[in-house]
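Data block below; observations after.
The values are calculated or read from the model by the stated rules, or taken from the named source; none is laboratory data. Since the model is a prediction, treat every value here as computed from it, not as a measurement. Don't worry about glycine lacking a Cβ; one is built from the backbone with ideal geometry, like all the others, and counts go over all protein chains shown. Quick note on the areas: whole protein, heavy atoms, side chains included, nothing else; ligands and nucleic acids left out. Shrake-Rupley method; radii C 1.70, N 1.55, O 1.52, S 1.80 Å.
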Amino acid sequence: MTEILRYEVGSGTVLVEVEDNSFGVERPSRNEQGILDAGRRLEDALSAVRPAANAAAEVMKELGPEHLELQFGVKLAGEAGAIIARTCAEGHFIVRMSFTKAPATAAAPEEEIML
């Protein structure tokens, strides 16, 4: 069975379908339509995965690839905010971060000194 969570976002709200008994769905208040209030803004919930995404990107960039692409699913989880999903298919959002190594700049030719 699924539950519907309501998050505040920008100047409105967004409804998100989650599995009943999902991690972080603690039975927050329910409105007259049976929709559960997540009790937080969507932006705040999504910020919970930022440290993991930054850490993964930094570690992988240390390997020095010409091109790097990281992809992971983000699952909304009520009061727990957002979590990294077991698979991208489980995520409410698929995040794809792509990095390309900056081309090495050519060294400027040394200036000749005229005496």
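For the pair Arg86 and Met60, label points projected 7 Å from Cα toward Cβ lie 2.2 nm apart. For Ala85, the amide hydrogen comes within under 5 Å of the amide hydrogens of Gly73, Val74, Lys75, counting only partners 5 or more places away or on other chains and with H modelled in the peptide plane.
Can you check what the net charge comes to around Gly73, using other residues whose Cβ is under 12 Å from the Cβ of Gly73 (Lys, Arg +1; Asp, Glu -1)? Local net charge: +2. Using heavy atoms of the protein chains and a probe of 1.4 Å, the accessible area assigned to Lys75 is about 60 Å².
Expected output is a single nm value to one decimal: the length gained when fully extending between Ser11 and Glu43, i.e. 0.36 nm times separation in residues minus the C-alpha distance. What is it?
Details: separation 32, 0.36 × 32 = 11.52 nm, distance 1.19 nm.
Full-extension gain reported as 10.3 nm.
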